[in-house]
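Take a look at the structure set out below.
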Amino acid sequence: MKNLLLLFFCLQFFAAYGQLASVTNKDYNADGIDDTLKCSFEVGGNFGGRDCQLIDGITQKKFGLTNYGCFCKIKQHVKVSSDLLKPENKAFLEILKGEILPVQKQVADPSLQWLIDCTYTSQTTGSDSDFDLVFKPKSKWRKGAIELPSTYYVEMPKDSLAKLFPDANRSGGQGEGEGDHGFLVYYGDTHFSTNSNTEANLIEVTGNGAYKVFQTGHGVLVKKEEAYKWLFVSDNDLNGSPGKLRWASVAQVVLLEKHVVIEQTLAPDAHYNIYVIDIETGIGGRLRIDFDYFDGIELNDLSYKERFSVKDNVILIGPKHKQLRFPLKETKQNLERFK
């Protein structure tokens, strides 16, 4: 009964403040003196996560890891200090990893690899282009069973992580004393944990004689005979995302011969993105949409077709009386020049 009352109190505290904390005293590094592990779990409106500190019982030195971050991010950089990477602190590192990180993989799955490749090769464009962002992942067809995204982490060199998270580094994310390596966490389960898709499977949305196109809550991939490749994944750092990944970001997918056109929602923001992607080359571009053109029109009130449709080889955005038009022939040629 006493334990039940304690559990009830903890749940009430968590409901009121969105935070749970624990303290454990144990000799984690086998030096004969108890160390102290302090962990807290916090959930807010758009942010949350777990934070843990291990305090050496002899030196009182503190070591920590945290996965606190925005629920809008499908990938995360968990930083590790150079001190924590020292051989004598291996026991502390393993304990903290077990508290903070999901399972480990040695290599990224194809969907995360698409994100990594696009981050390294994406570019913004000049105002003369139909696109304001172009990505060139050079993705190849993969034969065999489709490897579905999952949640895990991979260890990466600091330089590689700096390219994946440039904003974090400009704001001091790689502070003095950071180690040579860190952890890249991929929340791949969010592909299948949205309001519109709660099972770990792909949804076939369209196809033609050459291709079958599938989507998840946050990604698009295509099959050609027995091979497949990823064409798109929503990533807040690369191309935008909803405020919370439980809201699906992939709204519409249209197949046009060897191109796909994708609508990406950015809820709760009323704005949205439209992408045109060449299936064979993998090169994709985000259309430059001037939403000021729709002044006086409530974007959230637009119908499914008004948000984006394709008619007579023209991409149409907006209601009939006020539409942005992107002729597909010229748009595809514009994309082609980024080869």
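In table form, for the structure just shown:
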{"quantity": "Positive-end residue of Ser150, Phe47, Ala91, charge dipole of region 46-187 with Cβ unit charges", "calculated": "Ser150"}
{"quantity": "Inter-label distance for Lys322 and Lys38, nm, one decimal - labels placed 7 Å from Cα along Cα-to-Cβ", "calculated": "5.5 nm"}
{"quantity": "3J(HN,Hα) from dihedral phi, region 134-151, Karplus parametrisation 6.51/-1.76/1.60, rounded to Hz, x for glycine, proline", "calculated": "10, 10, 9, x, 6, 6, 9, 5, 10, 8, x, 5, 6, 8, 6, x, 8, 9"}
{"quantity": "Distance in nm between pseudo-label sites at Asp295 and Glu147 (7 Å out along the Cβ direction from Cα)", "calculated": "5.0 nm"}
{"quantity": "Sum of -39500 (n - 2.57) over DSSP H runs of 4+, divided by residues of the chain (222 nm, nearest 500)", "calculated": "-5500 deg cm²/dmol"}
{"quantity": "Centre separation in Å (Cα based) which lies between region 103-169 and region 276-339", "calculated": "24 Å"}
{"quantity": "Accessible-area value, Val103, 1.4 Å probe, nucleic acids and ligands omitted, Å²", "calculated": "100 Å²"}
{"quantity": "Sites Lys62 and Gln104, calculated FRET efficiency, Cβ-Cβ separation with R0 35 Å, nearest 0.05", "calculated": "0.90"}
{"quantity": "Vicinal HN-Hα couplings computed from phi for region 43-54 (Karplus, 6.51 cos²θ - 1.76 cosθ + 1.60; Hz; Gly/Pro x)", "calculated": "10, x, x, 10, 10, x, x, 10, 10, 10, 10, 10"}
{"quantity": "Karplus (6.51, -1.76, 1.60) ³J(HN,Hα), θ = phi - 60°, over region 218-233, in Hz, Gly and Pro reported as x", "calculated": "9, x, 9, 9, 9, 10, 10, 6, 9, 10, 8, 7, 7, 10, 6, 9"}
{"quantity": "Length released on extending from Asp83 to Lys339, taking residue separation times 0.36 nm less the Cα-Cα span", "calculated": "87.7 nm"}
{"quantity": "Mean accessible surface per residue for the chain, computed with a 1.4 Å probe while every protein chain stays in place, in Å²", "calculated": "52 Å²"}
{"quantity": "GluC sites (Glu not before Pro), loop per DSSP, at most 10 other Cβ atoms within 10 Å - longest free stretch of the chain", "calculated": "1-175"}
{"quantity": "Heavy atoms of Ile58 accessible to a 1.4 Å probe, total area in Å² rounded to 10", "calculated": "100 Å²"}
{"quantity": "Contact order normalised by residue count of the chain, Cα under 8 Å, 6+ apart, percent", "calculated": "13 percent"}
{"quantity": "Region 84-164: relative contact order as a whole-number percent, Cα under 8 Å and 6+ apart", "calculated": "36 percent"}
{"quantity": "Electrostatic dipole magnitude of the chain [Cβ: Lys, Arg +1; Asp, Glu -1; Cα centre; debye, to 20]", "calculated": "700 debye"}
{"quantity": "q = 0.10, 0.13, 0.15 Å⁻¹: log10 I(q)/I(0) that the Debye formula gives for the chain, counting C-alpha atoms only", "calculated": "-0.69, -1.04, -1.27"}
{"quantity": "Pairwise label distance in nanometres, His181 with Gln123, each label 7 Å out on the Cα-Cβ vector", "calculated": "3.4 nm"}
{"quantity": "Hits among lysines - C-alpha to C-alpha of Lys97 under 22 Å, sequence gap 8 or more where chains match", "calculated": "Lys26, Lys38, Lys61, Lys62, Lys73, Lys75, Lys79, Lys86, Lys105, Lys158"}
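The values are calculated or read from the model by the stated rules, or taken from the named source; none is laboratory data. Keep in mind that this is a model prediction, so the values were computed, not measured. Neighbour counts run over all protein chains shown; Cβ positions are idealised from the backbone, glycine included. Side chains included, ligands, DNA and RNA excluded: accessible areas come from the protein's heavy atoms. Shrake-Rupley method; radii C 1.70, N 1.55, O 1.52, S 1.80 Å.
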